1. Could you give the dipole magnitude of the chain about its Cα centre, charging the beta-carbon of Lys and Arg +1 and that of Asp and Glu -1, in debye to the nearest 20?
2. Take the residue pairs Lys111/Lys144; Lys12/Lys48; Lys118/Lys144; Lys94/Lys170; Lys48/Lys170; Lys261/Lys367 and return only those whose Cα atoms are more than 20 Å apart.
3. Any idea how far apart Leu86 and Gln34 come out in nm if each label point goes 7 Å out from Cα toward Cβ?
4. Test of understanding: in a Gaussian network model of the chain with alpha carbons linked when under 10 Å, which of Glu185, Glu151, Glu113 would top the mean-square fluctuation ranking?
5. Give me the aspartates and glutamates in straight-line cross-link reach of Lys260: C-alpha distance below 16 Å, same-chain residues under 8 apart excluded.
6. Tell me, in nm to one decimal, what length is gained between Asp227 and Thr321 on full extension, where the rule is 0.36 nm per residue of separation less the Cα-Cα distance?
7. List the pair-distance distribution P(r) of segment 46-171, using every Cα-Cα distance, as the percent of pairs falling in each 10 Å bin from 0 up to the bin containing the longest distance, rounded to whole percents.
8. Using only alpha-carbon positions, what ratio does the radius of gyration of segment 123-267 give when scaled by 2.2 N^0.38 Å?
Amino acid sequence: MINFNNPHFTGKEIQYIKKAIKSGKISGNGKFTQQCQNFFEQKYHFGKSYLTASCTDALEMAAILCNIEPEDEVIIPSFTFVSTALPFVRMGAKIIFADSQADHPNIDARKIETLITKKTKVIVPVHYAGIACDMGKIMNLALKHNLMVIEDAAHGIDAYYISPCSQEKKAIGSIGHFSAFSFHETKNIVTGEGGMLVVNEDRFLQRAEIIWEKGTNRTEFIRGEVDKYGWVDVGSSFLPSEITAAFLFAQIEMLDEIQKKRVALWQNYYNLLEPLSAKGCFSIPVIPYFSTNNAHIFYIVCNSPEERIKLIDTLKSKGITASFHYQSLHKSKYYYEKHDGRELPNCDRFSECLVRLPLYYDLSGEKIKYICREINNFFK
Ligand SMILES: *Cc1c(COP(=O)(O)O)cnc(C)c1O
């Protein structure tokens, strides 16, 4: 059986966890946490980074930092995971769901402006499959209408947006006011559950570290800036333990190697499936000129929902686990009644026709050949 996902372990995780245990300090915000945060800040020119227990938590911190109030409107794509919407819903905001592009699951930046009202406070672009949204357009809209941008970069580690004007490469996660990453076991680098908030504007830093540390100024205390610490704001226990951070440090040491292999495997799929796509059997991912490819997901989009079901079943009978992805959030049981009724046809099509193929570090080129051969047989 070829699994859909196998988390990759680098072999150093236990060693670093032992080191954390030996140090006697296993709660959050210790040495490993700081080493991981420094790594990301330096490698990707992020603002201040805070490890969190999940990407959902990082989004929750961002929502608090944006001062979301009841009746505020937040624009998010409907083709995403529930976590993109949850923090804003919990603070009473109304979610304005946006459609995907016709040729890509990412939010259609050209159509966002029609959704902006006086109540709009935040746009949350999701970089689906690690492909950058049109951040130039989105940041311009934010500037023009005085909005905040929170990048849901759960898929976006080691991915870049390339500015069409200057050709400057900017890491996904370094562009919006805030961004949220995930180290869930299904992502490119993993800690089981885990995430990170990036804060790209200094004016939010003081409040961010307080919210991170349960509404206290404990971090100031640790730095020796105050002689005792106490309750100063809202917050929660957003920081992960040093055990998780130690695990993450082992993963990031191997990040470049993991990425190189994933990109090669992704390209294998692309080359082997391109001929069928050219014949119109399905479509393969489009990488826009302003984005790199971090090989988070390889997917194909079938021509009909019926064909997708048949394909997934056929692959399963050949020992291959392929998987659909998000269900349109605007049609979900929880939000359907609250949605304003607009149709989002591109989102629905990706919900009904997209198939993700197995992609992980320990997959081989041989297995990909086998998977593509079976896909070829199906469409014969
Ligand atoms: C995985 C994922 C999340 C949630 O990540 P967790 O770390 O599990 O909280 C949020 N948004 C998107 C787009 C995701 O794929």
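Since every read-out is calculated from the coordinates, none of them should be taken as a lab result. Remember, it's a predicted structure, so these values are computed and weren't measured experimentally. Glycine gets a Cβ as well: all are built from the backbone with ideal geometry, and neighbour counts include every protein chain shown.
1. 640 debye
2. Table pairs above 20 Å Cα-Cα are Lys12/Lys48; Lys94/Lys170.
3. Spacing of the two 7 Å Cα→Cβ label points: 3.1 nm.
4. Maximum among the listed residues: Glu113.
5. Asp158, Asp362
6. Values: separation 94, 0.36 × 94 = 33.84 nm, distance 5.62 nm.
Length gained, Asp227 through Thr321: 28.2 nm.
7. Histogram of Cα-Cα distances, whole percents per bin: 13, 46, 36, 6.
8. The value comes to 1.19.
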